[in-house]
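Before any comments, here is the structure.
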Amino acid sequence: MNLFDLTGYLVNRTDVKITNYFSKCLKPYQITPEQWAIICVLDEKKMTQKELSSSIDRNQTTVVRMVNLLEKKCIVSKEYNADDKRSHFIKLTKKGQQLQSELIPVVLDAHRRVTEGLSEEDLKQIQFYLNKLYQNVNKHLF
């Protein structure tokens, strides 16, 4: 058995390359792929940090740190949750909405480039298998 043929290695190797490429594409905007995930998910709605954490599959401590950075850049703002004084809602500011609009074509172009040469059917199969792997790992983690 060749360890370099194991699915986990191949998925990780691909993820590292895609993330590095995506980081390069977002660098002129001073945004990381992780921060983009938050900007993308918020999309004209507000969410609690717990909901946001679940949506982007990151732990709450990491999300708090990322939200604080985005808040310093005036990309998101916090609003107290009247129903739960311990939490607050996160939403895009006008600047965040403008940035999101600017980044959508950049993200779509990056996606187009990394999926170059793959048919729609190929992409559907990749998504199916990656989601299956994700479900399998999730099942064994919890």
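Every read-out reported here was derived from the displayed coordinates using simple, explicitly stated rules and does not represent laboratory data. This one's a predicted model, so the numbers in the text were calculated from it and none came from an experiment. When we count neighbours, we look across all protein chains shown, and the Cβ atoms used for this are built from the backbone with ideal geometry, even at glycine.
For LYS85 and LYS124, FRET efficiency with R0 = 41 Å and r from the beta-carbon atoms, rounded to 0.05? Don't skip to the end; give the middle numbers.
Values: r = 45 Å, r/R0 = 1.09.
Between LYS124 and LYS85 the formula returns 0.35.
Can you give me the relative contact order of the chain as a percent, contacts being Cα pairs under 8 Å and 6 or more apart? Don't jump to the answer; show the numbers that get you there.
Details: 104 pairs, mean separation 29.4, N = 142.
Normalised by residue count, the contact order of the chain is 21 percent.
What order do you get for GLU71, GLU121 when you list them from fewest to most C-beta neighbours inside 10 Å? Let's see the in-between values first.
Values: GLU71 15, GLU121 8.
Ranking GLU71, GLU121 by Cβ neighbours within 10 Å, fewest first, gives GLU121, GLU71.
So if R0 is 25 Å, what FRET efficiency would ASN131 and ASN20 give, r being the distance between their Cβ atoms, rounded to the nearest 0.05?
On the way: r = 23 Å, r/R0 = 0.92.
For R0 = 25 Å, the calculated efficiency reads 0.60.
Strictly over 23 Å apart at the Cα level, which of LYS91/LYS124; LYS17/LYS50; LYS27/LYS95; LYS45/LYS85; LYS27/LYS73 would you flag in this model? Spell out each step's value before the answer.
Working: LYS91/LYS124 31 Å; LYS17/LYS50 29 Å; LYS27/LYS95 17 Å; LYS45/LYS85 19 Å; LYS27/LYS73 15 Å.
The answer is LYS91/LYS124; LYS17/LYS50.
Relative to the longest principal Cα axis of the chain, at what angle does helix 7-26 sit, 0 to 90 degrees, rounded to 10?
50
For ARG113 and LYS78, what does the FRET efficiency come to when R0 = 22 Å and r is the distance between their Cβ atoms, rounded to the nearest 0.05?
0.05
Would you please put 105-117, 1-13 in order of how densely packed they are, using the mean number of other Cβ atoms within 10 angstrom per residue and starting with the highest?
Numbers: 105-117: 11.8, 1-13: 9.5.
Final packing ranking: 105-117, 1-13.
Beyond 18 Å, how much of the Cα-Cα pair distribution for segment 3-141 remains, as a whole percent? Can you show the working numbers first?
Numbers: 6094 of 9591 pairs.
For segment 3-141, the fraction of Cα-Cα distances above 18 Å is 64 percent.
Would you list which aspartates and glutamates come within 19 Å of LYS139, measuring only between C-alpha atoms, while excluding same-chain residues fewer than 8 positions from it?
List returned: ASP57.
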